[in-house]
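> The following block contains the structure, expressed as structure tokens.
Every number in this text was worked out from the coordinates using simple rules, so none of it is lab data. Everything quoted here is computed from the prediction, not taken from an experiment. Methodologically, a virtual Cβ is constructed for each residue, glycine included, from the backbone with ideal geometry; neighbour enumeration extends over all protein chains shown.
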Amino acid sequence: MVRDPIRIVPLHPAPGLAPAVSPQLTYRGGPLLSAVEVFTAFWGAEWQGADARLMAQVNNFFTYIVASTLMDQLGEYSMPGVAIGHGSLTGTTTITDQQPTSPVTDAQIRSLIQSGIANATLPATTPNSLYFVYLPPGVDADLGGQRSCSAFCGYHDSIGGNVYYAVMPYPGCSGCTGGLSTLDALTSSSSHELCEAITDPVPGLGWYDDSNGEIGDICAWQTRKLDQWIVQLEWSNQSGACI
């Protein structure tokens with residue numbers, strides 16, 4: 001396993017940055033998500049107030065994107081017995097019984113997910129489950145002592161190698177909007193982590209490049225429009241390019 005593998009959405013870079021080494025993802029033998037089952041969890045009372053519309057838009061984005069051509073594109077990373085295809089948004093919840101305070105640590109996120117599964121606030125885990133946790137405005141995430149909007153804009157990881165999750169802080173800084181609207185920044189970063197979690201759910205054990213990271217890291221902040229949604233380009237080994 002790669003030591004401390006790259007698994008974040010980086011801050012918006014200076015224009016023209018490119019990988020220092022020609023990218024090539026290689027498969028490391030770990031799990032892949034063949035038909036991703038996304039469940040969104042919006043943490044904080046703000047999601048029932050001023051940001052309720054944004055929450056609905058993010059869920060609409062997932063309903064579309066997990067059954068879109070973006071998933072078809074990931075098919076090149078299928079392996080024998082694991083054909084990567086379309087997925088589904090299985091549900092959503094708003095967590096208001098405990099309010100997050102900034103910064104929220106990764107340990108707190110993991111505890112939230114584990115307790116949610118235990119008390120059925122979150123659905124039981126399957127081999128394709130992917131829990132997306134969205135933080136409210138003003139609440140940073142802390143990953144190993146580094147904070148969102150200072151070092152990253154989102155990340156994904158696993159608990160015990162079989163519970164997969166992504167953490168999406170509210171894009172409240174220029175480094176995490178990259179000139180995009182709040183919604184577009186969230187869908188771009190969410191698509192980055194979605195594709196990485198499908199192809200490398202246990203970071204460094206799926207499709208990975210030791211020099212450049214995961215499928216989305218190679219193409220960070222290169223975007224396109226898919227239907228009405230802004231998504232990030234993803235690396236294609238077959239094309240040798242971000243597509």
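> Using the Karplus equation 6.51 cos²θ - 1.76 cosθ + 1.60 (θ = phi - 60°), what ³J(HN,Hα) coupling, rounded to whole Hz, does each residue of segment 155-161 give in order, writing x for Gly and Pro?
Couplings: 7, 9, 6, 9, 10, x, x Hz.
> Also: Could you calculate the contour length gain from Y64 to D97, that is, 0.36 nm times the residue separation minus the distance between their Cα atoms, to one decimal place in nm?
Extending this stretch completely gives an extra 8.9 nm.
> Shifting gears a bit: Fewest to most neighbouring Cβ within 10 Å: what's the order for I65, I215, I95?
I95, I65, I215
> Same structure, new question: Out of the DSSP beta bridges found with both residues in segment 29-242, what percent are antiparallel (nearest 5)?
Here the share of antiparallel DSSP bridges comes out near 40 percent.
> Treat the count of other C-beta atoms within 10 Å as a stand-in for reagent exposure and order S189, S22, S158 from fewest to most. Could you put the intermediate results ahead of the total?
Details: S189 30, S22 10, S158 19.
Least crowded to most crowded, the residues run S22, S158, S189.
> Now for a separate question. Stretched out fully, how many nm does the piece from R28 to S88 gain, at 0.36 nm a residue minus the Cα gap? Spell out each step's value before the answer.
Numbers: separation 60, 0.36 × 60 = 21.60 nm, distance 2.58 nm.
Here the answer is 19.0 nm.
> If you check each cysteine of the chain for another cysteine whose beta-carbon is under 4.7 Å away, which ones come up empty?
C195 - these cysteines have no disulfide-compatible partner (Cβ-Cβ under 4.7 Å) in the chain.
> Using a/c under 1.5 as the rounded threshold, could you call segment 143-191 rounded, prolate or oblate? The axes a ≥ b ≥ c are square roots of the C-alpha gyration tensor eigenvalues, and prolate needs a/b larger than b/c, oblate otherwise.
oblate
> Could you list which residues have their amide H under 5 Å from that of I95, counting only those 5 or more apart in sequence or on another chain, with H placed in the peptide plane?
F42, W43, G44
> How much net charge surrounds G161 when only the other residues with a Cβ under 15 Å from the Cβ of G161 are counted, with Lys and Arg +1 and Asp and Glu -1?
My count for the surroundings of G161 gives +1.
> Give me H12, H86, H156, H192 ranked fewest to most by other Cβ atoms within 10 Å of their Cβ, as a rough exposure proxy. Show your work: numbers first, answer last.
Working: H12 19, H86 15, H156 28, H192 31.
Ordered from fewest to most neighbouring Cβ atoms within 10 Å, H12, H86, H156, H192 come out as H86, H12, H156, H192.
> Report the calculated FRET efficiency for A50 and A241 (r = Cβ-Cβ distance, R0 = 30 Å), to the nearest 0.05. Let's see the in-between values first.
Numbers: r = 40 Å, r/R0 = 1.32.
After rounding, the FRET efficiency stands at 0.15.
> For R147, list long-range residues whose amide hydrogen, built 1.01 Å from N in the peptide plane, is under 5 Å from its own amide hydrogen.
Excluding prolines and chain starts, which carry no amide H, there are no hits.
> On the principal axes of its Cα set, how long, how wide and how thick is the chain? Give whole Å, largest value first.
Its Cα atoms span 46, 40, 36 Å along the three principal axes.
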